[in-house]
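Some notes on the structure that comes next.
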Amino acid sequence: MKVIASSFADPKDVKAFMRCKALGKSDKECFAVGDNGIGCWGDNTAQDTVPMCALPPDDMQAKFGAWKKAKRAKVRVRVGSGEVVCILGDRMPWKAYIKNGCGIDLNPAAAKALGLRPPFKVQAEWEWA
């Protein structure tokens, strides 16, 4: 699927989330400005050793019947001539609520494998691996 890929759970993203939380704001408010680095299944997404991605629940549901059944599925991601297989470690908002036009988020390890430096928004393709 051709989409725009963005970065998530990079150090600046996590710091922005933590600054927001320190102001006493809710998780919902803080996810609007950053990421906590913990995927929806409890995975540490804020690391640069295991490539991980996040997809909208719509895509997970279409493949597995329910987004929760997609836990740690493998996703092949291509950016330019680079390719990486990621573990699905988090979920994005439902497509109807995505405001930045992106269709996949890549963690620091996936970005590193593809030669990308966060923050980024790039053309990408993904498929279930």
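The values are calculated or read from the model by the stated rules, or taken from the named source; none is laboratory data. No experiment lies behind these values; they were computed from the predicted model shown. Here Cβ is always computed from backbone atoms with ideal geometry, including for glycine, and neighbour counts include all displayed protein chains.
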**Q.** Count of residues meeting criterion [closer than 19 Å to PRO11 by Cβ and surrounded by 12 or more Cβ atoms within 10 Å (Cβ to Cβ)] in the range 89-121
**A.** 17
Q | Options ARG117, ARG76: the member that is of a type in the set (D, E, K, R) and within 20 Å of GLN61 (Cβ to Cβ) | A | ARG76
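Okay, residues lined up against (1) touching a helix residue (DSSP H, G or I) at 6+ places or on another chain (Cβ under 6 Å); (2) surrounded by fewer than 19 Cβ atoms within 10 Å (Cβ to Cβ); (3) under 24 Å from GLU125 (Cα atoms):
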residue: ASP10; (1), (2), (3): yes, no, yes
residue: ASN36; (1), (2), (3): yes, yes, no
residue: ALA46; (1), (2), (3): yes, no, yes
residue: ALA54; (1), (2), (3): no, no, yes
Q) Are any of the residues in the range 26-44 aromatic (Phe, Trp, Tyr) and closer than 17 Å to PRO119 by Cα? A) yes
Q. So which residues in the range 15-34 are within 24 Å of TRP67 (Cα to Cα) and buried (at least 17 other Cβ atoms within 10 Å of the Cβ)?
A. CYS30, GLY34
**Q.** Filter result (surrounded by 19 or more Cβ atoms within 10 Å (Cβ to Cβ) and over 11 Å from GLU127 (Cβ atoms)) within the range 58-83
**A.** MET60, TRP67, ALA70, VAL79
Q) Right, ALA96: farther than 19 Å from ALA32 by Cβ, of a type in the set (A, V, I, L, M, F, W, C) and at pLDDT 95 or above or not? A) no
